[in-house]
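Asks: Please read through the structure below; I'll follow up with questions.
Bear in mind these aren't lab numbers, they're just calculated from the coordinates by the rules spelled out. The structure displayed is predicted, hence computed values, not measured ones. Don't worry about glycine lacking a Cβ; one is built from the backbone with ideal geometry, like all the others, and counts go over all protein chains shown.
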Amino acid sequence: MKYDHNAIEKKWQNAWEKAGVFHAENNSKKPKYFALVEFPYPSGQGLHVGHPRPYTALDIVARKRRLQGYNVLYPIGWDAFGLPTENYAIKNHVHPAQVTKKNIAHFKEQIQSLGISFDWSREINTTDPDYYKWTQWIFLQLFKKGLAYKKEMNVNWCTGCKCVLANEEVVEGVCERCGSPVIHKEKSQWMLKITDYAQKLIDGLDEVDYPERVKAQQKNWIGRSEGAEVDFQTTAGDALTVYTTRPDTLFGATYMVIAPEHPYIERWADQLSNLAEVRDYQAKAARKSEFERAEVAKEKTGVRLDGVCAVNPVNGKQIPIFISDYVLMTYGTGAIMAVPAHDTRDWEFAHKFQLPVIEVVKGGNVEKEAFTDCASGVMVNSGFLDGLTVEEAKVKIKAYIEEKDFGHKKINYKLRDWVFARQRYWGEPIPIVHCEKCGYVPLPEDQLPLRLPEVKSYEPTDDGESPLAKMTDWVNTICPHCGGPAKRETDTMPQWAGSSWYFLRYTDPHNDKAFASKEALDYWLPVDWYNGGMEHTTLHLLYSRFWHKFLYDIGEVPTPEPYAKRTSHGMILGENGEKMSKSRGNVVNPDDVVREYGADTLRLYEMFIGDFEKAAPWNTSSMRGCRRFIERYFALQDILTAKEQIRPELESAFHKTIKKVSEDIENLKFNTAIAALMSLLNEVAATGAVTKEELRIFTLLLNPFAPHVTEEVWALQQFGSGMACQQTWPAYEEAKCVDATAQIVVQVNGKVRARISLPAQSEKAVVLSAAKANEKIAAEIADKTLVKEIYVPGKLVNLVVKG
Ligand code: ANZ
Ligand code: ZN
């Protein structure tokens with residue numbers, strides 16, 4: 001029989017859809033399983049070969065779970081607001097909604113051609129007013145709890161996109177998306193108080209099954225640090241408060257540094273004899289990005305404030321105060337005590353400005369460099385702390401600071417509040433109006449969704465306002481509170497809004513009374529397995545955990561964490577090992593592969609390509625190997641015998657493979673699962689025959705990986721009622737997983753001379769005599785004296801000979 005994917009794949013895709021076999025039930029007695037992949041942004045480029053990798057991986061899990069008797073929810077949708085669509089719309093003078101519609105249709109067709117078992121009846125689209133109604137609703141709940149607020153602040157302004165970026169979107173001083181330089185700008189912005197959830201977001205990681213690298217990245221991003229706030233009296237009569245993680249080094253603080261934006265500069269202005277120089281430095285610092293300023297390697301600059309000094313609270317010594325851009329206003333208190341002997345940046349600064357360096361922890365060479373190690377080392381030059389270890393000194397000084405009342409213990413987080421506004425058109429309108437009398441007033445919930453109005457052009461205004469600002473009819477409205485004149489917010493929500501809760505909507509996507517019913521949420525949550533890209537670890541994953549935790553706190557969802565398990569896939573690279581891109585000319589189009597080789601081949605290959613969690617280069621010849629494997633599987637039908645059972649000599653091979661494939665799927669080892677299927681196929685084919693049961697089991701094992709061809713074989717051979725995807729996953733018996741035969745390596749004086757095959761569990765004496773009887777070995781040891789026989793059971797014989 002000849003394998004023709006074209007005759008098979010569309011046919012089965014239609015059959016699945018018609019029978020609704022992948023529809024999840026909200027009222028089911030079966031155990032539930034919620035498998036989730038990150039929903040795509042429907043870009044104009046269409047699907048690339050990176051998309052099928054995670055989709056297929058969780059499709060394999062979802063299909064296996066169905067065969068194991070679960071009620072599986074494996075949904076998909078579109079994360080469709082955002083800049084690329086808007087930019088395309090601006091350039092081509094079409095409505096972004098129209099662009100979105102077209103892109104979605106294309107994406108959908110491409111994804112459907114892969115035979116992924118998504119429940120298309122639950123498809124969602126973040127730009128659909130029935131969907132974003134609930135995004136707006138959640139925003140209003142955040143607002144009502146004081147977690148959404150408007151703030152005049154220094155924001156990251158992308159000079160290319162003409163909009164504000166979150167810190168997360170600025171990479172090395174440029175826009176993550178367009179690569180344009182990012183500058184600082186004062187702007188009044190909607191913010192979300194994710195910082196209120198910093199500790200909960202750390203603690204929750206203990207409850208979930210995420211890869212360690214993902215947990216570490218999240219923790220690192222949140223950046224918890226433990227220290228103290230310490231007050232230094234100044235000669236101006238006030239106190240300057242610093243944040244330090246090393247209060248143990250207080251005796252080594254020889255000067256202070258405040259950020260160029262520190263408000264005390266204004267307060268002290270009259271007393272500063274070098275105010276002009278100070279102002280000049282402030283202006284220069286304002287032009288630099290936070291990233292540039294925080295770079296450790298860069299040359300230190302600064303200006304001493306002439307006219308004001310601080311007093312070190314532990315020894316009463318007067319120390320100078322500087323402004324320098326290496327201290328940021330956005331962290332701690334915007335002021336530090338500098339300890340040049342034990343902090344690298346302070347050390348460099350002190351050398352440049354010839355400030356004293358006092359060693360307070362012994363163990364380094366502070367003449368040469370800062371000694372920053374705090375695990376070893378003993379306190380010196382530190383009065384009552386002398387002789388203590390750093391850890392002991394920390395405890396003692398914190399108690400002392402609190403007792404003498406010049407400070408207190410303090411925990412800080414690097415995490416910043418989330419800038420939740422874009423000056424763009426293609427996003428969710430923020431459902432708030434501004435009334436002169438009442439301030440910011442939420443729209444009543446019955447006025448949701450607040451729809452995006454039609455506008456004539458989608459460009460932001462030159463001063464960076466959203467194009468909605470030009471829609472005066474829309475902007476001017478009535479205050480829901482006092483009925484007086486009011487103005488609508490014209491900024492829209494950032495791209496991350498819709499994806500912060502989308503998984504909840506899948507549980508009950510057509511509900512118009514709530515974002516999902518309580519029953520649906522109780523049944524489906526948490527997501528059992530969520531796979532997505534590593535690039536979303538500190539953005540989407542953190543944001544959606546934050547929204548979920550908030551919804552949990554207000555009683556809207558039943559679990560404190562949204563995702564029980566998270567995994568991450570590696571990228572698929574070009575044949576040359578580089579990232580696929582048009583400019584490198586190494587892009588593989590999945591449509592071409594599906595057309596020429598079939599979806600089953602593409603799926604199998606993407607899972608076979610390498611370790612799922614690591615990046616892997618495309619390799620066309622290896623892909624053809626996967627195609628040949630499918631052909632050979634299909635051709636098993638030509639050697640099918642009438643025999644029903646698995647032949648005894650193949651029994652352990654089958655049981656072992658069932659076990660291996662079952663376990664490998666759970667452990668993301670799709671590649672070795674496929675390798676096991678390939679070697680089982682070889683073993684079967686080598687006998688020149690296959691029995692009905694052998695082919696049936698093989699078909700079920702292969703089904704999650706190559707669903708179309710296995711449906712076809714299932715139907716052709718009339719293996720049972722219903723489709724292959726509706727059967728039961730094969731079971732194995734542990735006792736039958738042992739090898740029938742063992743391959744034993746035979747060495748003479750440690751050199752491999754032969755390999756022999758024996759029934760597994762053969763006695764030592766049997767193995768040794770078989771080894772010596774082997775032709776090559778017999779010749780090798782013929783005239784020699786055997787001095788020792790070493791046997792490693794089931795593996796190796798080593799004969800040590802002399803003469
Ligand atoms: C004195 C000291 C001595 C410090 C020492 C470090 C080592 P993490 O761990 O990241 O929280 N710091 C505090 N606020 C700062 C700001 N706004 N801009 C720049 N640096 C700031 O780092 C906390 C440490 O970073 C603080 O502890 C402070 O320097 C500095 F041997 O205080 B340390
Ligand atoms: Zn009002």
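Asks: Compute the Rg to Rh ratio over the stretch 1-155 from the alpha carbon atoms, using the Kirkwood formula for Rh, and round to two decimal places. It would help to have the intermediate numbers written out before the result.
Replies: Working: Rg = 19.3 Å, Rh = 18.2 Å.
Taking Rh as the inverse mean 1/r over Cα pairs, Rg/Rh reads 1.06.
Asks: For the stretch 268-328, which trypsin sites (Lys or Arg not before Pro) pass both filters: DSSP loop (anything but H, G, I, E, B) and at most 12 other C-beta atoms within 10 Å?
Replies: Counting only loop positions with at most 12 other Cβ atoms within 10 Å, the trypsin sites (Lys or Arg not before Pro) in the stretch 268-328 are 287.
Asks: What is the gain in length, in nm to one decimal, between residue 481 and residue 592 on full extension, counting 0.36 nm per residue of separation less the C-alpha to C-alpha distance? It would help to have the intermediate numbers written out before the result.
Replies: Values: separation 111, 0.36 × 111 = 39.96 nm, distance 5.81 nm.
This chain segment gains 34.1 nm when fully extended.
Asks: Please go through the stretch 356-425 and write out the trypsin sites (Lys or Arg not before Pro) that DSSP classes as loop and that have at most 11 other C-beta atoms within 10 Å.
Replies: For trypsin sites (Lys or Arg not before Pro) across the stretch 356-425 that sit outside H, G, I, E and B with at most 11 neighbouring Cβ atoms in 10 Å, the list reads 368, 404.
Asks: Order of 10-21, 697-708, 460-471 by packing, highest average Cβ count within 10 Å first?
Replies: 697-708, 460-471, 10-21
Asks: Relative to the longest principal axis of the C-alpha atoms of the chain, give the angle of the C-alpha long axis of helix 764-773, reported between 0 and 90° and rounded to the nearest 10°.
Replies: Compared with the principal axis, the helix lies near 70 degrees.
Asks: Next up: Normalise the Debye intensity by I(0) for the chain, one equal point scatterer per Cα, no solvent, then take log10 at q = 0.05, 0.07, 0.10 Å⁻¹ and round to two decimals.
Replies: -0.40, -0.72, -1.12
Asks: How large is the translational diffusion coefficient of the stretch 590-736 in µm² per second when you combine the Kirkwood radius over alpha carbon pairs with Stokes-Einstein at 25 °C and 0.890 mPa s?
Replies: 156 µm²/s
Asks: Starting from the Cα gyration tensor of the stretch 224-413, multiply each eigenvalue by 5, take the square root, and state the resulting semi-axes largest first in whole Å.
Replies: Values: eigenvalues 137, 69, 48 Å².
They are 26, 19, 15 Å, listed largest first.
Asks: Over the chain, what relative contact order in percent results from Cα pairs under 8 Å that are six or more residues apart?
Replies: 14 percent.
Asks: Let me ask something additional. So how tilted is helix 83-92 from the main axis of the chain? Cα-based, degrees 0 to 90, rounded to 10.
Replies: For 83-92 against the chain, the angle is about 90 degrees.
Asks: Going by a ≥ b ≥ c, the root eigenvalues of the Cα gyration tensor, does the stretch 593-666 fall in the rounded group (a/c under 1.5), the prolate group (a/b larger than b/c) or the oblate group?
Replies: oblate
Asks: Follow-up. Can you give the angle from 0 to 90° between the axis of helix 129-144 and the longest principal axis of the chain, with both taken from C-alpha atoms, to the nearest 10?
Replies: 40 degrees
Asks: Please sort 759-772, 241-254 by packing, taking for each peptide the average over its residues of neighbouring beta carbons within 10 angstrom, highest first.
Replies: With the highest mean Cβ count within 10 Å placed first, the list reads 241-254, 759-772.
Asks: Further, regarding this structure: Please give the calculated 222 nm ellipticity per residue for the chain, where each DSSP H segment of at least 4 residues contributes -39500 (n - 2.57) and the sum is spread over every residue; nearest 500 deg cm²/dmol?
Replies: Result for the chain, helices only: -10500 deg cm²/dmol.
Asks: Once each part is reduced to its C-alpha centroid, what is the distance from the stretch 168-247 to the stretch 737-784 in angstrom?
Replies: 64 Å
Asks: Mind listing the phi-derived Karplus ³J(HN,Hα) values for the stretch 190-197, rounded to whole Hz, using 6.51, -1.76 and 1.60 with θ = phi - 60°, and x for any glycine or proline?
Replies: 6, 10, 10, 7, 5, 4, 5, 9
Asks: Between residue 101 and residue 584, what length in nm is gained on full extension when 0.36 nm per residue of separation is reduced by their alpha carbon distance?
Replies: 170.9 nm
Asks: Report, by chain and number, residues whose modeled amide H sits under 5 Å from the one on residue 156, excluding near sequence neighbours (fewer than 5 apart, same chain).
Replies: Sorted by chain and number, the residues that satisfy this are 165.
Asks: Taking amide H atoms as placed 1.01 Å from N in the peptide plane, list the residues 5 or more away in sequence, or in a different chain, whose amide H sits under 5 Å from that of residue 747.
Replies: Those lying under 5 Å, H to H, from residue 747 are 753, 797, 798, 799.
Asks: On to the next question. Per-residue counts of other Cβ atoms within 10 Å, averaged by peptide: what ranking do you get for 428-436, 192-200, 338-346, highest first? Kindly include the intermediate steps, with their values, before the conclusion.
Replies: Values: 428-436: 22.1, 192-200: 19.2, 338-346: 23.9.
Top of the packing list down: 338-346, 428-436, 192-200.
Asks: In whole Hz and in residue order, list the ³J(HN,Hα) couplings for the stretch 681-696 that follow from phi through the Karplus curve 6.51 cos²θ - 1.76 cosθ + 1.60, θ = phi - 60°; x for Gly and Pro.
Replies: Those phi angles translate into 4, 4, 4, 5, 4, 4, 7, x, 8, 9, 8, 4, 5, 4, 5, 5 Hz.
Asks: Name the chymotrypsin sites (Phe, Trp or Tyr not before Pro) in the stretch 388-459 that are in a loop by DSSP and that have at most 16 other C-beta atoms within 10 Å, would you?
Replies: Values: sites: 400, 406, 413, 418, 420, 425, 426, 440, 458; in loops: 406, 420, 425, 426, 458.
Those that pass, being in a loop and sparsely packed, number zero.
Asks: Using square roots of five times the C-alpha gyration tensor eigenvalues, list the equivalent-ellipsoid semi-axes of the stretch 739-802 in whole Å, biggest first. All intermediate terms of the calculation are to be shown ahead of the outcome.
Replies: Values: eigenvalues 77, 23, 19 Å².
Semi-axes, largest first: 20, 11, 10 Å.
Asks: Please list 3J(HN,Hα) in residue order for the stretch 259-264, calculated via the Karplus relation 6.51 cos²θ - 1.76 cosθ + 1.60 where θ = phi - 60°; whole Hz, with x for glycine and proline.
Replies: Each residue's phi maps through the Karplus curve to give 5, x, 8, 4, x, 5 Hz.
Asks: Okay, moving on. For residue 378, list long-range residues whose amide hydrogen, built 1.01 Å from N in the peptide plane, is under 5 Å from its own amide hydrogen.
Replies: 362
Asks: Hey, what's the Kirkwood Rh for the stretch 88-232 if you take every pair of different alpha carbons, in angstrom?
Replies: Evaluated on the stretch 88-232, it is 19.8 Å.
Asks: Just the number, please: Stokes-Einstein D of the stretch 563-620 in µm²/s, Kirkwood Rh from C-alpha pairs, 4 °C, 1.567 mPa s.
Replies: Here the translational diffusion coefficient equals 105 µm²/s.
Asks: Could you tell me the distance between the Cα centroids of the stretch 670-715 and the stretch 588-633, to the nearest Å?
Replies: One Cα centre to the other: 17 Å.
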